[in-house]
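The values are calculated or read from the model by the stated rules, or taken from the named source; none is laboratory data. Small disclaimer: the values here were computed from a predicted structure and weren't measured. When we count neighbours, we look across all protein chains shown, and the Cβ atoms used for this are built from the backbone with ideal geometry, even at glycine.
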Ligand code: CAA
């Protein structure tokens, strides 16, 4: 891959957005690489959690690639938007939980990438924003939809219309990020969180993710009915037997992932 790095550390897959000279801006080639990588990760049962981070000192991702978009026709921009949306939907629905570790700029498509992850950990130096209106466009990779779902309609509209950057503490106050941590500890904290998730029953974690993702778009009675189905499904796993047996025997559970 030219624009991404991928490494596995135990059962954690770590994706690094790797175009630091362009502050990791998302061009079509990067999105296609991410698409292929996510397809591979989705079927890699050895990977139980994923972390996404930005390469270089300054940015998680500073948005979609403006130099590439500059000369696009309306039809080309529509296809580019659909490509980004498809890849971010795939990320959001990846079976494994995904943590965004955000150390610097997460602007435009970068904020949209972070929002497609399950959990966002920001360094104190991270900056967030949807500055697209300053370029004469709207967000195109899901930002107009995921932002209001995360922070509410009014705050989302302010961020979208005003276009200002906000710092990590403000992002935390708004519910855009889960935690703010010192920049030097960012990866250590992201890995510790991933390891904690990985130590639990993987099928249960995946089903929690599916329940939240699917259920949030349903009426409450349908969503709770869906929860009942997947709760029942857990009882067909070896890990449910092991988890409850271990509790009764006052020992740590040893999950098989089945
Ligand atoms: N696309 C392409 N190149 C980018 C880029 C982007 N989104 N963001 C930064 N770069 C490039 C710069 O052009 C520059 O390249 P050169 O060294 O070749 O000139 C390099 O990265 C470093 O950037 P700066 O010199 O600008 O660094 P800075 O520290 O002065 O500023 C910044 C940092 C505030 C993040 C600034 O780079 C910036 O405003 N970037 C654009 C942010 C933005 O508008 N993002 C939204 C894009 S639109 C979008 O994402 C649409 C969508 O939803 C699909």
Just need a number here: residues in the stretch 242-258 that are surrounded by 13 or more Cβ atoms within 10 Å (Cβ to Cβ) and farther than 11 Å from residue 203 by Cα. 4
Among the candidates 231, 247, residue that is in a helix (DSSP H, G or I) and more than 30 Å from residue 42 (Cβ to Cβ): 247
Can you work out which of the residues in the stretch 37-69 that are within 9 Å of the ligand (Cβ to nearest atom) and part of a loop (DSSP other than H, G, I, E, B) is farthest from residue 12 (Cα to Cα)? 65
Residue check: is residue 190 at pLDDT 95 or above and over 30 Å from residue 129 (Cα atoms)? no
Which of (1) closer than 27 Å to residue 44 by Cα; (2) within 16 Å of the ligand (Cβ to nearest atom); (3) surrounded by 21 or more Cβ atoms within 10 Å (Cβ to Cβ) is the odd one out, the single condition residue 107 does not satisfy? (1)
Selected residue (only one of 85, 96 is modelled with pLDDT of 95 or more, closer than 26 Å to residue 186 by Cα and outside any strand (DSSP E or B)): 96
Across (1) surrounded by fewer than 16 Cβ atoms within 10 Å (Cβ to Cβ); (2) assigned to a strand (DSSP E or B); (3) within 16 Å of the ligand (Cβ to nearest atom), residue 77 clears everything bar (2)
Matching helices (runs of 4 or more DSSP H) fully within the stretch 124-201 where at least 2 residues are surrounded by 14 or more Cβ atoms within 10 Å (Cβ to Cβ) and within 11 Å of the ligand (Cβ to nearest atom): 143-151
Where a residue in the stretch 57-82 is under 20 Å from residue 131 (Cβ atoms) and not assigned by TED's automatic domain parsing to the domain that holds residue 128 and its partner, wherever it lies, is within 7 Å of the ligand (Cβ to nearest atom) and modelled with pLDDT under 95, with Cβ under 8 Å and at least six apart: none
Can you tell me which residues in the stretch 40-56 are surrounded by fewer than 24 Cβ atoms within 10 Å (Cβ to Cβ) and closer than 11 Å to residue 24 by Cβ? 53, 55, 56
Which condition does residue 112 not pass, out of (1) within 11 Å of the ligand (Cβ to nearest atom); (2) in contact (Cβ under 8 Å) with a residue 40 or more places away in the chain; (3) surrounded by 21 or more Cβ atoms within 10 Å (Cβ to Cβ), if it passes all the others? (2)
From the list 5, 34, pick out the single residue that is touching a strand residue (DSSP E or B) at 6+ places or on another chain (Cβ under 7 Å), closer than 26 Å to residue 195 by Cβ and not in a strand (DSSP E or B). 34
